[in-house]
Amino acid sequence: MTDIIIIDDHQLFREGVKRILDFEETFNVVAEGADGDEVLALYEEFRPDVVLMDINMPGKSGIEATSELIAAHPEAKIIILSIHDDESYVTHAMKTGALGYMLKEMDADAIVQAIKVVAAGGSYLHPKVTRNLVAEFRRLSDKEMVGSFHQTEIRRPFHLLTKRECEVLQLLTDGQSNRSIGDSLYISEKTVKNHVSSILQKMGVNDRTQAVVNAIKKGWVEVR
């Protein structure tokens, strides 16, 4: 049997995933949680084979909870569940220690396959995420392919962005969601969205990934 824990703050979503997994005879959902703060205790109590973890939750985010769990239990196998297919979210999640990254638009077969692959020690990315990562890699390769990411000094772009926008840009680079950024800076999610729109416009880029890549190349943010 493959024992599974589901961590997601939306009860209806948890119930939907659990119904899908119940059809698989070798899957056993042993526990559920609604907050990243619950993950470590649940893991230590039930010792699951796989943890399904929402990336955006109140309190401790899925990324933070993954980092904490991997630090305490390096053998933990975690699949991040997300609505974001942005490459910065994916790479940050995988660097933190997750073995899988699934979009919440996934179908039943995909989540079953992802769990089986990760439970066996492999890695699994949602196909749409994989395509986006490959496309971004090719885009970078066609440019100056950055020996790039080596930094000697951080120079915040105060000539272009406000101090608050620089803070938001750094947190985007850290892979944080709008909600997490809002929580970190004590501002609303709507205000975060306005800051992100302003950053994209001022930097002359189309999306968050381009903003982060350009900021790293220019030495405007810390890669941590």
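The values are calculated or read from the model by the stated rules, or taken from the named source; none is laboratory data. Worth saying up front: this structure is predicted, and the values here are computed from it rather than measured. Note: areas computed on protein heavy atoms with side chains; ligands, DNA, RNA excluded. Shrake-Rupley method; radii C 1.70, N 1.55, O 1.52, S 1.80 Å.
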Under 5 Å, built H, 5+ apart or other chain: amide partners of LEU125
TYR101
Give me the mean projected area, in nm² to one decimal, of the convex hull enclosing the Cα positions of segment 163-218.
3.4 nm²
Carbon and sulfur together cover what percent of the accessible area of segment 163-218 at a 1.4 Å probe radius?
44 percent
Taking the solvent-accessible surface of protein heavy atoms with a 1.4 Å probe, what is the per residue accessible area of segment 1-50 in Å²?
54 Å²
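Based on DSSP H assignment, which helices of the chain show an axial Cα extent of at least 30 Å together with a mean Kyte-Doolittle hydropathy greater than or equal to -0.5?
Values: long enough: none.
Helices passing the filter in the chain: none found.
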Interchain or long-range residues, amide H under 5 Å from VAL29's placed H:
ILE4
Of LYS18/LYS163; LYS60/LYS163; LYS104/LYS190; LYS77/LYS202; LYS95/LYS193, those spanning more than 32 Å from alpha-carbon to alpha-carbon
LYS18/LYS163; LYS77/LYS202
If you stretched the chain out fully between ALA41 and ASP207, how much longer would it get, using 0.36 nm times the residue separation minus the C-alpha to C-alpha distance?
56.0 nm
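Write down the accessible area per residue of segment 163-218 in Å², having rolled a 1.4 Å probe over the full set of protein chains.
Working: 2570 Å² over 56 residues.
With all protein chains present, segment 163-218 gives 46 Å² per residue.
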Relative contact order computed over segment 2-140 (Cα-Cα under 8 Å; 6+ residues apart), in percent:
20 percent
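Over segment 37-112, what percent of the accessible surface lies on carbon and sulfur atoms, probe 1.4 Å? Please report the intermediate quantities before stating the final value.
Details: 1480 of 2910 Å².
Taking all protein chains in place, segment 37-112 shows 51 percent carbon and sulfur surface.
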